[in-house]
Each structure stands twice: as structure tokens, then as C-alpha cells.
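Data block below; observations after.
The values are calculated or read from the model by the stated rules, or taken from the named source; none is laboratory data. Nothing here was measured: the structure is a model prediction, and the numbers come from that model. A quick note on method: Cβ atoms are made from the backbone with ideal geometry, for glycine too, and the neighbour counts reach across all protein chains shown.
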Amino acid sequence: MKEETAPQLENISTRLDQAIRLLAMFVVADKKQREQISILSRAGLDRHEIAEILGTTPGTVSVELSILKKLSRRKEKRS
């Protein structure tokens, strides 16, 4: 029974992953790249996943996340 369940669970996992990626693409479709990265990061995706969804590199995502953190710190200091 376990041997039959493993492929089914893998199939479900793959389909859920695809659905999440499609939903993520839909949610950020009309946004600028920095905002897309911010949204996807806050949704819990890592830089590799974000890069794959947006068609960019993990390095680009890392740079943008760094800039977003700096901007956030500046806003906190002003408050």
C-alpha cells in the first residue's frame, strides 16, 4: 500500500506546486519587479523560487531583497 501511495503523493505535491506558481504569477502580473519580489518573499518563497517565477536570476532577487530591507530600515528610522 505504501508503494502505491508515494507516487500519488508526489503527483499531488507536483500539482500543488504548479498551482502555487500560477497563482503567484497571477497575483504579481501587473506589478513592477521590486514589488513582485517583495510580495513573493512575504508569501514565503525563497530567492530561487521567486527567480524561477519571474524569469530572472536568484542574484537579482537577492539584490532587490537587500534594497527592500534597506528601504524598510530607513522608513522605520523616520517613524
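For the reader, a short list of remarks on this structure follows.
This table checks each residue for (1) surrounded by 11 or more Cβ atoms within 10 Å (Cβ to Cβ); (2) of a type outside the set (D, E, K, R).
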| site | (1), (2) |
| --- | --- |
| ARG21 | yes, no |
| LYS32 | no, no |
| ILE50 | yes, yes |
| THR60 | yes, yes |
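- Just one of the listed residues (GLU4, GLU10) is surrounded by 10 or more Cβ atoms within 10 Å (Cβ to Cβ), more than 16 Å from the chain's Cα centre (by Cα) and farther than 28 Å from THR60 by Cβ, namely GLU10.
- For region 31-43, filtered to residues that are at pLDDT 95 or above and charged (D, E, K, R), the residue that is nearest to LEU65 (Cα to Cα) is ARG34.
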